[in-house]
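The values are calculated or read from the model by the stated rules, or taken from the named source; none is laboratory data. Bear in mind the structure is a predicted one, so any value in this text is a computation, not a measurement. Cβ placement follows ideal geometry from the backbone for every residue including glycine, while neighbour counts extend to all protein chains displayed.
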Amino acid sequence: MIAELGHFLIFLALFASFAQAATGLWGGHARDGRFAAMAKAASDISIVAIALAFFALMSAFIRSDFSVQNVATNSHTLKPMLYKIAGTWGSHEGSMVLWCLISAGFGWMLAHFSKGLRWDLRSRAVGVQGLLTAVMMAYLAFASNPFVRLDPAPLQGAGLNPLLQDPSLAAHPPFLYLGYVGSSVVFSLAVAALLEGRVDAAWARWVRPWALASWTFLTIGITLGSYWAYYELGWGGWWFWDPVENASFMPWLLGAALLHSAIVTEKRGGLASWTVLLAILTFSLSLLGTFLVRSGVLTSVHAFALDPERGFIILMILAAFTGGALTLFAWRGPSLGSDRGLFAPISREGALVLNNLFLTVATATVLVGTLYPLLGEAVFKRALSVGPPYFNLTFTPLMALVLLALPIAPFLAWKRGDLMAVLQRLWVAAALTALAITLSWAFMGGKALAAIGIGLGTWLVCGSISEVLDRVRFGKLPAAQVWARVKGLQRAAWGMTVAHLGMGVFVLGAVSETAFRVEHTASLGLGETTSFAGRTVTLKAVTAEEGPNYYADRAQLIVTDGKRELTLAPERRFYPAARMPTTEVALRSSLAGDVYAALGDPAEINGRMAWTVRMYWNPLVVAIFGGAFLMALGGAISLTDRRLRIGAPQPAKSKRESAGVAPPTDPANVGVAAE
């Protein structure tokens with residue numbers, strides 16, 4: 001009965017979302033507050049209905065109701081409770097329920113908590129968000145219904161993919177979807193601004209928190225996915241330029257560009273059309289990622305489904321929304337009339353434009369590298385591949401230029417800056433950077449590119465610290481005044497500093513791990529020893545173990561470096577329900593790096609049984625994930641700044657009022673106006 005209730009609730013949410021779209025768009029167009037109020041009420045119905053449907057599906061997974069096809073395909077009675085709950089969004093159908101829940105929730109928040117936004121613009125944005133939600137609801141109801149029944153019901157389920165039974169990956173999809181769908185609100189605000197034909201500081205002020213929230217959630221989601229791949233797949237690395245990884249990375253890059261572009265629009269009234277275009281493209285890339293994961297065009301451990309028919313429907317949704325928004329932009333974009341902020345090339349605006357230019361081109365290189373194999377296979381009828389060498393040659397230099405300019409931009413003045421004066425204020429950071437490059441080149445094997453990368457990370461870290469010290473006038477004012485300035489520093493400034501610092505820490509970790517990692521593979525029998533990265537590794541034992549829903553061979557490896565001894569226990573697991581083997585790595589982390597071990601298949605060699613053991617020394621891995629965490633933390637700190645939760649001051653008179661036209665009726669005053 002709960003499944004039938006969930007089915008009904010999906011259709012109720014679908015009709016409510018369509019009502020939200022129709023009334024919101026008409027209320028903004030006709031300047032009629034009554035319809036805007038109806039859109040707000042429809043968003044209430046939509047969020048309640050889809051939330052109840054989501055919990056109905058979760059209940060079916062918790063109860064192991066195998067009469068529901070989705071549960072029978074993706075769950076098992078022996079599966080731990082955490083993964084039964086995660087199974088709610090671990091399948092294609094369940095993940096689409098989560099998508100619709102987040103989309104409806106953001107639409108509800110936009111309707112209820114955007115009071116500083118002009119109500120007619122808000123009404124249009126709520127309507128566009130309702131349309132996005134309604135279309136995805138229709139896809140859910142008619143092409144991906146999670147409540148389809150099985151008759152007769154099987155006695156046991158097939159189980160969730162064992163690779164997905166991991167705490168990090170249980171949290172990965174919700175955060176990733178919060179980022180993907182968060183960009184839909186920015187898209188809705190952009191389309192609403194195009195429909196109204198106006199972009200101003202108030203609009204940019206409301207775009208920034210939504211763009212920042214989306215980017216922050218994406219950062220967390222991508223980091224969790226990368227960490228899962230690092231310790232779960234047994235490849236020894238943290239990023240592989242997998243097409244599905246790229247699918248989430250591209251909206252992250254454009255989201256970063258959007259964040260910086262919106263600052264110029266808010267502060268100086270410039271780049272308005274460009275900011276609107278970035279908002280459209282960021283969400284379009286999120287939809288592209290959804291298509292790639294679900295269409296079957298990619299074979300990846302990250303893919304949710306291999307269904308070309310449903311993938312084609314998502315492709316049509318992508319084409320409709322992206323094509324429609326870009327057509328509207330081509331029509332109304334030139335008439336926005338707000339690109340009036342003139343500035344010199346050497347200025348903060350100029351630095352942010354440079355940031356946007358290189359981030360956008362870098363995104364384009366990733367897009368080409370991701371789609372070229374697919375298009376090439378369709379055209380040339382043969383498999384093509386684009387690997388790390390392509391991305392290292394195209395993406396890395398572009399991002400290096402962005403990061404080189406990053407510490408300079410906050411020191412530049414708006415409209416016109418003095419580059420030489422800024423460089424003088426950064427002389428300590430520059431000196432430490434030169435020292436880091438010299439020491440890295442001298443003591444780490446003369447690897448010039450690695451030394452430059454270490455220098456770039458040092459430049460980012462020292463530049464970020466220099467910027468905040470300059471803000472509080474450290475060394476130029478008495479300690480009491482410096483402390484007062486520290487306490488008075490705005491949260492957005494702290495957030496920016498932490499995020500930029502995190503990027504520097506990440507670069508240091510990524511360069512060190514890539515340039516100085518050591519890999520070693522050996523076939524070891526019981527009691528045998530191999531040498532690895534200045535250590536000795538001994539296979540002491542291999543034992544058979546049984547888990548709640550798997551069987552395992554667990555090795556006991558003794559790793560010594562002459563000073564201390566480590567015990568690592570990598571496993572090879574087999575999940576009977578899914579009939580699938582997996583690798584469970586063992587690692588020991590420290591600030592210097594990770595000792596990482598993976599157990600391979602056993603084989604008989606010269607009459608003895610031996611196991612393949614893969615060992616890795618990955619230096620400064622903690623800096624990679626710690627840096628990403630700092631970036632997300634910086635975004636979260638900035639979101640707590642009150643200035644991002646209130647609207648920008650409105651001009652004393654709008655053009656309509658100057659022409660003698662009365663302002664539209666605010667829905668909050670509908671009843672008063674009627675009386």
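Brief remarks on what is shown
- Matching residues in the stretch 587-602 - criterion: being under 17 Å from Thr529 (Cα atoms) and more than 27 Å from the chain's Cα centre (by Cα): Val595, Ala597, Ala598, Leu599, Gly600, Pro602
- Test: residue in the stretch 171-188 that is under 26 Å from Phe574 (Cα atoms) and either buried (at least 20 other Cβ atoms within 10 Å of the Cβ) or free of Cβ contacts under 8 Å to residues at least 40 places away in the same chain (or both): yes
- Output for the stretch 317-336, where each listed residue is surrounded by 15 or more Cβ atoms within 10 Å (Cβ to Cβ) and either part of a helix (DSSP H, G or I) or without any contact (Cβ under 8 Å) to a residue 12 or more places away in the chain (or both): Ile317, Leu318, Phe321, Thr322, Ala325, Leu326, Leu328, Phe329, Arg332, Gly333
- Qualifying residue in the stretch 490-505 (condition: over 30 Å from Met399 (Cβ atoms) and of a type in the set (Lys, Arg)): no
- When restricted to residues that are within 19 Å of Ala610 (Cα to Cα) and surrounded by fewer than 20 Cβ atoms within 10 Å (Cβ to Cβ), the stretch 553-566 contains 4.
- Residue match in the stretch 27-44 (condition: hydrophobic (A, V, I, L, M, F, W, C), out of contact with any His (no Cβ under 7 Å at 6 or more places or on another chain), in a loop (DSSP other than H, G, I, E, B) and buried (at least 19 other Cβ atoms within 10 Å of the Cβ)): no
- Within the stretch 1-23, being at pLDDT 95 or above and farther than 22 Å from Ala143 by Cβ holds for Ala22, Thr23.
- Some residue of the stretch 50-62 being out of contact with any Lys or Arg (no Cβ under 8 Å at 6 or more places or on another chain) and either in a loop (DSSP other than H, G, I, E, B) or without any contact (Cβ under 8 Å) to a residue 40 or more places away in the chain (or both): yes
- Test: residue in the stretch 78-95 that is of a type outside the set (A, V, I, L, M, F, W, C), assigned by TED's automatic domain parsing to the domain that holds His7, in a helix (DSSP H, G or I) and closer than 18 Å to Gln156 by Cα: yes
- Every residue from the stretch 523-543 that is under 14 Å from Val559 (Cα atoms), touching a residue at least 60 places away in the same chain (Cβ under 8 Å) and not aromatic (Phe, Trp, Tyr): Leu524, Glu528, Thr530, Ala533, Arg535, Val537, Leu539
- Residue selected from the stretch 230-251 under the condition assigned to a loop (DSSP other than H, G, I, E, B) and at negative phi, by the criterion farthest from the chain's Cα centre (by Cα): Trp235
- Test: residue in the stretch 166-173 that is at pLDDT 90 or above, charged (D, E, K, R) and not in a helix (DSSP H, G or I): no
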